[in-house]
Amino acid sequence: MSAPDVAIAGGGIVGAALAALLAEAGASVRLYEREAIAAGASGRNSGVLQHPLDEALVAVHERSLALYETLGHGFDHPAEPVGALVLSDDPEPLRRECGELAARFPEVAPEWLEGAALRAAEPGVGEGLCAYRLETGRPVPPASATQAWAERARAAGAELRIGEAVEAVEVQDGRATGVRTAAGAEPAGAVALAAGPWTTRLARKVPDTYLAPTWGVNVEVRLPEPPRHVLEQAGIEALIGSGGGMEPIFSIVTAGGVSAVGSTFLPDEPDPDLAAPQVLERGARYLPALGRVRTFAARACLRPQSYDSRPLLGPHGAIEGLHLATGHGAWGISLGPGSAELVAAAILEGGEIPPELAASRV
């Protein structure tokens, strides 16, 4: 077959969106995915489009929301956010955090809730808690967004090679000339790596210290009265920023009647069935109904966590024609399409990547 303009490694949310946007812009695209579309974190996460609360990421998130609105291909875009409640039993630090967020991100309209007001907003929460509410959080079923982007890529003419892994990037005279698979070398005009935590194996001179895998355990349950909001225990943002920790921290997202309970950020692969009871026990402090759950499904996923919790996007820096699109950690669904749009523009037009997100910053 003729060489494509762009070869993409990885069929997660970023790789699938990148394939679609490049193909719609007229590029010849070939995407390689070693397992299945959304086989990794993009299909095993909690599934929520949520404000990242980081000034450097706000524009990417807003572009992602705009792209989801027109995604189509079976994707049911939530028109309005359900709201996110950040919960704690220690009011003073949480109240300070609420005030700080109000100053930095007025668009999410932080609102302090406690006592009767909290009960009215979310009747099922535990006793002795306080919270602030953010106007964000659009739950989506896991994998649905990625699968829709993959279908949109196919419709635009992209070739998706499922079950075929990229083993290496072919480089000649300092330029990426294609990829190598089990079948041999396959030329391409440019190469984009959207292979999640496996990207460092393919991208030369990108140290593992800049992109570390963190394991998440996701526990799916059906509750008689699921929460109305996305619920989070205070401290998740700090845990993500520090690269993870051994203790689980509570979150729950409900979409299509199924509630996904997390969150863990572990350095080593866990047994999800063994970790699930601990996740549910921790969550029962914040949502007591979780303490009565007897039937659940658990799964683990490997997130690509960058060293500063911001994605690595655009030109590699040392190898011409090689681009990165990874490092989103827990924000893949929320930032994926906007990130893909930036990388597509960099490939096709030499578009600029914001310095704080540029892959070359490593």
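The values are calculated or read from the model by the stated rules, or taken from the named source; none is laboratory data. Fair warning: this is a prediction, and the values are worked out from it, not measured in the lab. All Cβ positions, glycine included, derive from the backbone under ideal geometry; neighbour counts span all protein chains shown. SASA here: full protein model, heavy atoms, side chains in, ligands and nucleic acids out. Shrake-Rupley method; radii C 1.70, N 1.55, O 1.52, S 1.80 Å.
Quick notes
- Qualifying residue in region 322-342 (condition: assigned to a loop (DSSP other than H, G, I, E, B), open to solvent by less than 40 Å² (accessible area, probe 1.4 Å), closer than 30 Å to E225 by Cβ and in contact (Cβ under 8 Å) with a residue 60 or more places away in the chain): no
- Count - residues of region 256-309 that are crowded, with 17+ Cβ neighbours inside 10 Å, more than 23 Å from the chain's Cα centre (by Cα) and β-branched (V, I, T): 1
- The residue list G99, G163 contains one member that is touching a residue at least 40 places away in the same chain (Cβ under 8 Å) and small (G, A, S), which is G163.
- Pairs where the first residue, in region 58-71, is under 13 Å from I13 (Cβ atoms) and outside any helix (DSSP H, G or I) and the second is open to solvent by 20 Å² or more (accessible area, probe 1.4 Å) and not aromatic (F, W, Y), C-beta under 9 Å, 6+ apart: L71/H77; L71/R152
- Region 33-60: number of residues that are open to solvent by 20 Å² or more (accessible area, probe 1.4 Å), farther than 25 Å from I162 by Cβ and not hydrophobic (A, V, I, L, M, F, W, C): 2
- Taking the listed residues Q305, Q278, the one that is within 27 Å of L357 (Cα to Cα) and either in contact with a Pro (Cβ under 8 Å, 6 or more places away or on another chain) or assigned to a strand (DSSP E or B) (or both) is Q305, with no other qualifying.
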